[in-house]
1. Grab the Cα-Cα distance for residue 169 and residue 31, subtract it from 0.36 nm times how many residues apart they are, and report the gain in nm with one decimal.
2. Have a look at the range 364-465 and give its Rg and Dmax from the Cα atoms, expressed in angstrom.
3. With a 10 Å Cβ neighbour count serving as the proxy for reagent exposure, in which order, fewest first, do 700, 321 appear?
4. P(r) of the range 254-348 in 10 Å steps, Cα pairs, percent per bin?
5. Which length gain, in nm to one decimal place, applies between residue 61 and residue 263 when the Cα-Cα distance is subtracted from 0.36 nm times their residue separation?
6. When we measure straight from the Cα of residue 224, which aspartates and glutamates land under 16 angstrom away, once same-chain ones fewer than 8 places off are left out?
7. With contacts defined as alpha carbon pairs under 8 Å and 6 or more residues apart, what's the relative contact order of the range 35-85 in percent?
8. Could you sort out which of 667/839; 297/572; 93/237; 252/306 sit more than 32 Å apart by Cα distance in this structure?
Amino acid sequence: MASSPLLLLLSLLSLVALSLSQQTQTSTERQTLLQIKDDWDNPVALASWSNSTSSSYCNWTGVTCSTDGSVTKLVLSTENITGDIPPSICQLKSLSHLDLSYNEIPGSFPPFLSNCSNLQYLDLSNNWFVGELPSNIDMVLPNITYFCLSDNNFTGEIPTSIGKMTQLQSLWLDNNLFNGTMPRFISNLTNLLQLALAWNSFTPGQLPEEYGSLTNLTYMFIAKANLEGEIPDSFIKLTQLVQFDLSQNSLKGSIPSGIWSFSNLKYLYLYDNNLTGEITINNPFGANSLVEIDLTKNQLTGSIPKSFGTLQNLSILFLSYNQFSGEIPEGIGLLPKLTDLRLFYNNLTGTLPQELGKHSPLWNLEVFNNTLSGAIPANICYNGSFTSLSVQNNIMTGSIPQSLGNCPHLNNLQVDNNRFTGEVPAGVWQVQNLTTVVMSNNMLSGELPSSLPSNLTRLEIVNNRFSGNLPSYSSLILVFKAGGNNFTGDIPSNLSTGMPLLQTLDLSENSISGEIPSSIGSLQSLSMLNLSHNKISGEIPASIGSMLVLTSLDLSSNKLSGEIPSALGNVKFNFLNLSSNDLSGKIPSGIDSTAYDESFLLNPGLCSSVSINGVSSCRSKDGISHGLRNLFIALGVIILVIIVIFALCLMRDYHRKKDASDPAMWKLTSFHRLDFTENSIVRGMTKENLVGSGGSGQVYRVSVSTRAGDVVAVKNIYSKGKLGTKLEREFDSEVKILGSIRHSNIVKLLCCISSPDSKLLVYEYMENSSLDKWLHGKSNFTVGSTEAPIGSLDWPTRLQIAIGAARGLYYMHHECAPPIVHRDVKSSNILLDSEFNAKIADFGLARLLMKPDEPETVSAVAGSFGYMAPG
């Protein structure tokens, strides 16, 4: 019994010792976290890391502890951390999980992470890391199972020592600058579940067949990695794959049939390759878990396998830009989860599966540019989720389904260039989400409704059989093309108030009568007006002369009379046709030019002060003395040669301008989703919007909508006459490649607009102008509403700009395929956005590095005058 007090005392001492040990541990962990914060220069996101707070450090932002107070996890993703990883982080001895993704951490890979002996999870993705990985990476991270370095700027070859990290389950090295050959040693990582090597500049080569040994792999992402050759047959052993992405490579051959037996496969992406042959599904019921198939832009032939109709979980099927022929299997229309079907640009025939939309939440159907016949499925919007229908350029027949009129989410309806008949269901014109309706070149009939959906911006019904009077809409429509129909009656007098934002109006080849309302001049956004081949009478309204963005006017083949208003001479027309009317008087001086030589034919009462084809002269017919007449004849002999040469030059310019005058000659090539048309850009290129000019053209600041901030920069590239066929093709090819660039430090090319005599490049607008103005301008300049003093950039901002420009150039030189050499890098070609992020601009002198077997080389010295680009 005497020993009991002793035992009690020993127990108390043990508890005190344990408490003191925990207090010491707690104090150490807290001080380490505060040291890490200090090493990072006290970022705002870590404000809760403070001794002044009463809460436990285990409740601080991003901190997770074990029961004894040891820090086991730091999750500081998206916290705007900009400093290097401090070595103090490895003083957290129990740290096993470190996530620093989506910050702006610079520098090379920290080798001191070898001191984080318990680290198993490391995510450094979406930062600014550079340089090569340590050659002994397996020794630096001996226990790592999750390793993610995605979206950085790591370079060099992937270290072979990674092949020794056999405990790895997830390896993410995508979207970096790694080079060298595709690492075969990764096949040693037999525990690997996820592998991402996409978007790196590997040496062109084949997929290692050894990867077939990664039988536990569920996720493979090796897109845009310069892969060549065939998909190895050994890949049929990767039966656990859920996502299989080898898109945007140069693979060829057929798809191994064994892939279709993967019972867990959900996402298959093989688009933008050169795969050929037919798709054969040996065991369709084994692949019934597929939810997404994308085989776009290959060279696949044959018919679409009927077995696709057995993939009961299939939601997305993309087979566009191939050479499939035959009919679309009826079974596809029975798939219960199908949401998106895209089969455009093939050689498909037959009819659409008539059950499409009835059994699934289908929202998008794109089958344009085939040879499909038959009707649109009657139940296409049976489940009410349908949004977009694109069946243009087929030979389909029948009527527009009534079900589309009960489709509340419908926003895009494109059925042009088919053989549809009948009236458009009234319900279609009442769908308020509808933005685009293109029905041209069919045999549709009936009358247009008295009102249109409030969101409709484009209505094209050219060459149909619509009739009745033109309604006076109240709409935000931008493009209204209704030529080649049977409309009658007058042009509504309130057209300008009903469609105030109208940019294109085509009512040609109808039976419209009455006069042109003078209120039409209020359409200040209108750039193309075509009222030709109607029965319009009266005079041309003088108000048309106030439409300063109008570039194309066609009033030919009507019954117009009177004089041409002098105000029309103020308009800069690219295309003008007033022929076949009953106009009289003198042609106004602004358009009395041989440039409009065929614009006034078959108007007997017109006269011209110059020699215009088919128009009489306005010269005086009074008598002239014999001596003066002889003098005129003598002078005429002297200047005859000059007149002939001048006329030939005008004729040359006229034919060049005539080709470019028709709006249909404008070609828009887009590289991003656009909320504007080519007319929006052309009408904004006015003297007031000119912001700069150079040897290759002029630059305009153009607002593309009434919303604040919707501004683009438009560069008009001078063209001395038509480009040759070869140069035209090379220009289009180069612009398309530059338009595919996606990098935060390269100015985004939104689209290219071209006509026979001009090229327009449309870029995102940079609010802070160029670096040259901030560094070398001769006077203060205005940025937005703020006056910017010259030389006001502080040094952190200058460093930020320098790093951004370097990253953009590095991307062009080492990540683009083929690489791009700018050849005119200077401060005026480095533009700054609202946050002073640098973006490389002006690729007018850029050249693509050709492959060795391509004949074209760069031999001329390029750059601005007095400037030599770096080698």
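Read-outs throughout are calculated quantities, based only on the coordinates presented, and are distinct from any laboratory measurement. Remember, predicted model here, so these are calculated numbers, not experimental data. Positions of Cβ are backbone-derived with ideal geometry, glycine not excepted, and every protein chain shown enters the neighbour counts.
1. Here the answer is 46.3 nm.
2. Cα radius of gyration and Dmax of the range 364-465 are 12.3, 35 Å respectively.
3. In order of increasing Cβ crowding within 10 Å: 321, 700.
4. 18, 56, 26, 0
5. Extending this stretch completely gives an extra 68.5 nm.
6. Straight-distance partners of residue 224: 151, 174, 245, 272, 294, 815.
7. 34
8. Exceeds cut-off: 297/572; 93/237.
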